[in-house]
Amino acid sequence: MESESLTSQDRAVLDLAARTWAGPGAKERAIREGLGMSPTRYYQLLNALLDDPRALVHDPVTVNRLRRARDARRESR
């Protein structure tokens, strides 16, 4: 069963995505300092997680909210 769970990095990415941010740059700073990666890499991982059923099990509220936002952006193009 452990092989079917998310990695600690995947969980950290989702947990950071679930938070709200007070000011400009705060999220990017948290990505660099807390996750040790660039914001670009963070968003690549997050986008892949939105299509991962394990992420939906881990945090359905955040994953569904971000899926709706992603779908709305795609439709507005």
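Mind checking whether some residue in region 66-74 is surrounded by 11 or more Cβ atoms within 10 Å (Cβ to Cβ), closer than 12 Å to Ala17 by Cα, in contact (Cβ under 8 Å) with a residue 40 or more places away in the chain and under 12 Å from the mean Cα position of the chain (by Cα)?
Looking for residues that are surrounded by 11 or more Cβ atoms within 10 Å (Cβ to Cβ), closer than 12 Å to Ala17 by Cα, in contact (Cβ under 8 Å) with a residue 40 or more places away in the chain and under 12 Å from the mean Cα position of the chain (by Cα), one finds at least one in region 66-74, hence yes.
If you check Arg11 against the conditions, is it part of a helix (DSSP H, G or I) and surrounded by 14 or more Cβ atoms within 10 Å (Cβ to Cβ)?
The answer is yes for Arg11.
Could you figure out which of (1) free of Cβ contacts under 8 Å to residues at least 12 places away in the same chain; (2) assigned to a helix (DSSP H, G or I); (3) exposed (fewer than 13 other Cβ atoms within 10 Å of the Cβ) isn't true of Arg77?
Single failed check for Arg77: (2).
Go through Leu56, Leu50 for me and flag whichever is without any contact (Cβ under 8 Å) to a residue 24 or more places away in the chain and under 10 Å from the mean Cα position of the chain (by Cα).
Sole residue among the options that is without any contact (Cβ under 8 Å) to a residue 24 or more places away in the chain and under 10 Å from the mean Cα position of the chain (by Cα): Leu50.
Quick check on this structure: which one of Thr20, Thr40 is without any contact (Cβ under 8 Å) to a residue 12 or more places away in the chain and either surrounded by 10 or more Cβ atoms within 10 Å (Cβ to Cβ) or within 19 Å of Val61 (Cβ to Cβ) (or both)?
So the residue among Thr20, Thr40 that is without any contact (Cβ under 8 Å) to a residue 12 or more places away in the chain and either surrounded by 10 or more Cβ atoms within 10 Å (Cβ to Cβ) or within 19 Å of Val61 (Cβ to Cβ) (or both) is Thr20.
Filter region 36-74 for residues that are of a type in the set (Ser, Thr, Tyr), assigned to a helix (DSSP H, G or I) and in contact with a helix residue (DSSP H, G or I) (Cβ under 8 Å, 6 or more places away or on another chain) and give the result.
Tyr42, Thr62
Read-outs: derived from the displayed coordinates by stated rules, not from any lab. The shown structure was predicted, so the numbers you read here are calculated from the model rather than taken from an experiment. Please note: Cβ atoms are built from the backbone with ideal geometry, for glycine as well, and neighbour counts cover all protein chains shown.
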